[in-house]
Amino acid sequence: MKLCTFAVDTGFGVHERIGAVTDEGNILDLTVAYALTLTARDDHPRAYDIAEIIVPADMIEFLCNNEFGHEAVVETFEFLDTDVDDTSLEGPAGEPVVYAPEDVALLAPLPRPNSLRCCSTFLEHLKNSKSDEASIPQYWFDAPLYYKGNPATVQGTSADVQWPTYTEMLDYGLQIACVIGHEGQDIPTSHGWDHIAGYMVFNDVCARDILNKETACMFGPSKSSDMEGGNIMGPYLVSADEFDPRDDHAMIARVNGEEWSRGSTRDMHHDFAAIVSHVSHGEMLHIGDVIGSGTVGMGSGWEIGRFPQPGDLIELEIEGIGVLANHFVKT
């Protein structure tokens with residue numbers, strides 16, 4: 001299923017909710033929909049209390065319920081059947097249950113992850129940053145290297161990316177990210193897939209001119225990838241039972257509607273099972289941790305010699321997940 005976090009304007013202010021995308025592209029408010037299911041099925045007097053526990057309006061809390069939350073969502077879709085796309089459907093208290101996409105604002109599926117890591121797993125991208133493949137250290141092939149990002153700088157699709165004053169070369173980074181759904185430490189590679197809840201598109205925005213200076217100092221990304229709103233995720237969290245990054249899912253970048261970059265999820269040198277295992281060595285992975293794959297080969301403007309300009313619309317798409325669309329703006 002495709003899960004999302006969305007904001008909706010109510011008479012009591014803007015509320016953040018979690019939803020699921022229907023076959024027709026509408027957004028089902030999962031908490032209210034499950035309360036409606038309980039009320040209609042069992043006339044349960046505490047339907048809202050139960051719904052807010054099993055299907056809470058917070059993505060990380062929902063993921064913490066594991067199979068109980070998943071089963072509740074499946075049960076809700078089965079109960080609503082064709083009504084799942086009825087935007088006039090009302091909850092037990094008369095509130096909306098189904099929203100047309102234009103009536104909500106999609107946020108990052110996890111507006112503030114527990115942690116954020118970004119790996120380097122696409123060999124072509126690394127080769128494009130080196131003068132020759134022989135200069136790539138052997139350890140890169142042995143382990144999925146990563147750095148930690150700032151989970152407080154996450155935003156979702158349609159949000160503007162403010163152009164930092166310290167760079168002239170703001171760039172996109174086309175990645176896929178996994179979300180941890182089961183905690184664990186020292187996880188064997190053979191069990192790595194079992195700890196993943198789902199996948200998102202990830203735009204790792206980068207100040208390319210600053211990154212070049214940082215790497216020349218033999219230091220990983222720091223200020224070049226550390227900016228307000230520079231970690232963009234979404235538009236949906238697609239559950240792991242419906243999406244496998246080992247398959248050939250096209251990864252596409254467009255700027256103002258023109259295709260600039262194209263790659264595939266299956267080109268990762270280290271897959272997510274290996275990544276999960278490596279990151280968990282001597283360290284607990286928690287539900288709601290996010291790990292990016294690193295930029296796909298040719299998945300940045302820097303690799304093709306073209307850079308977005310202020311006002312440009314950057315769209316990053318992964319087939320089977322969706323499209324992240326954001327403007328780079330100077331104010």
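I'm trying to understand the selection: among the residues of the range 235-254, which are within 17 Å of the chain's Cα centre (by Cα), buried (at least 17 other Cβ atoms within 10 Å of the Cβ) and of a type outside the set (Val, Ile, Thr)?
Scanning the range 235-254 gives Pro235, Tyr236, Leu237, Ser239, Ala240, Phe243, Pro245, His249, Met251, Ala253.
Spot the failing condition for Gly69; the list is (1) more than 18 Å from Thr5 (Cα to Cα); (2) without any contact (Cβ under 8 Å) to a residue 60 or more places away in the chain; (3) crowded, with 17+ Cβ neighbours inside 10 Å, and only one is missed.
(1)
Pairs, please: C-beta under 7 Å, at least 6 apart or cross-chain, first residue assigned by TED's automatic domain parsing to the domain that holds Ala273 and in the range 119-138, second modelled with pLDDT under 75 and surrounded by fewer than 19 Cβ atoms within 10 Å (Cβ to Cβ)?
Final answer for the pair search is Lys127/Glu133; Ile136/Lys130.
Output the residues belonging to the range 154-202 that are more than 24 Å from Met1 (Cβ to Cβ), touching a strand residue (DSSP E or B) at 6+ places or on another chain (Cβ under 9 Å) and assigned to a loop (DSSP other than H, G, I, E, B).
Asp160, Trp163, Pro164, Tyr166, Thr167, Glu168, Met169, Tyr172, Gly173, Gln185, Ile187
In the set Ile232, Ile196, which member is surrounded by 16 or more Cβ atoms within 10 Å (Cβ to Cβ), outside the structural domain of Met59 (by TED's automatic domain parsing) and over 25 Å from Gln162 (Cβ atoms)? Give the steps one after another, and end with the answer.
Numbers: Ile232 fails: over 25 Å from Gln162 (Cβ atoms).
Exactly one residue qualifies, and that residue is Ile196.
Output the residues belonging to the range 204-237 that are in contact with a Ser or Thr (Cβ under 7 Å, 6 or more places away or on another chain) and among the β-branched types (Val, Ile, Thr).
The one that is in contact with a Ser or Thr (Cβ under 7 Å, 6 or more places away or on another chain) and among the β-branched types (Val, Ile, Thr): Ile210.
Free of Cβ contacts under 8 Å to residues at least 60 places away in the same chain, in the same structural domain as Thr295 (by TED's automatic domain parsing) and surrounded by 13 or more Cβ atoms within 10 Å (Cβ to Cβ): is that true of Thr76 in this structure?
The answer is no for Thr76.
Just one of Phe12, Phe6 is surrounded by fewer than 16 Cβ atoms within 10 Å (Cβ to Cβ) and among the aromatic types (Phe, Trp, Tyr); which is it?
Values: Phe6 fails: surrounded by fewer than 16 Cβ atoms within 10 Å (Cβ to Cβ).
Result of the check over Phe12, Phe6: Phe12.
Can you name the residue in the range 204-229 that is of a type in the set (Val, Ile, Thr) and surrounded by 16 or more Cβ atoms within 10 Å (Cβ to Cβ) and is also farthest from Ala325 (Cα to Cα) among such residues? Please lay out each step first, then the result.
We begin by selecting, within the range 204-229, every residue of a type in the set (Val, Ile, Thr); these are 205, 210, 215.
Of the ones still in play, those that are also surrounded by 16 or more Cβ atoms within 10 Å (Cβ to Cβ) are 205, 210.
Values: Val205: 13, Ile210: 24 Å.
Among those that are of a type in the set (Val, Ile, Thr) and surrounded by 16 or more Cβ atoms within 10 Å (Cβ to Cβ), it is Ile210.
Can you tell me which residue within the range 255-268, out of those that are of a type outside the set (D, E, K, R) and buried (at least 16 other Cβ atoms within 10 Å of the Cβ), is modelled with the lowest pLDDT? Outline the logic, then answer.
Initial filter on the range 255-268 (of a type outside the set (D, E, K, R)): 255-257, 260-261, 263-265, 268.
Subsequent filtering for residues that are buried (at least 16 other Cβ atoms within 10 Å of the Cβ) retains 255, 260-261, 263-265, 268.
On the way: Val255: 98, Trp260: 97, Ser261: 94, Gly263: 97, Ser264: 98, Thr265: 98, Met268: 97.
Out of the qualifying residues, it is Ser261.
Restricting attention to the range 197-213, which residues are over 14 Å from Trp302 (Cβ atoms) and in contact with a helix residue (DSSP H, G or I) (Cβ under 6 Å, 6 or more places away or on another chain)?
Ala197
The values are calculated or read from the model by the stated rules, or taken from the named source; none is laboratory data. Computed from a prediction, not measured in an experiment: that's the story for all the values here. Positions of Cβ are backbone-derived with ideal geometry, glycine not excepted, and every protein chain shown enters the neighbour counts.
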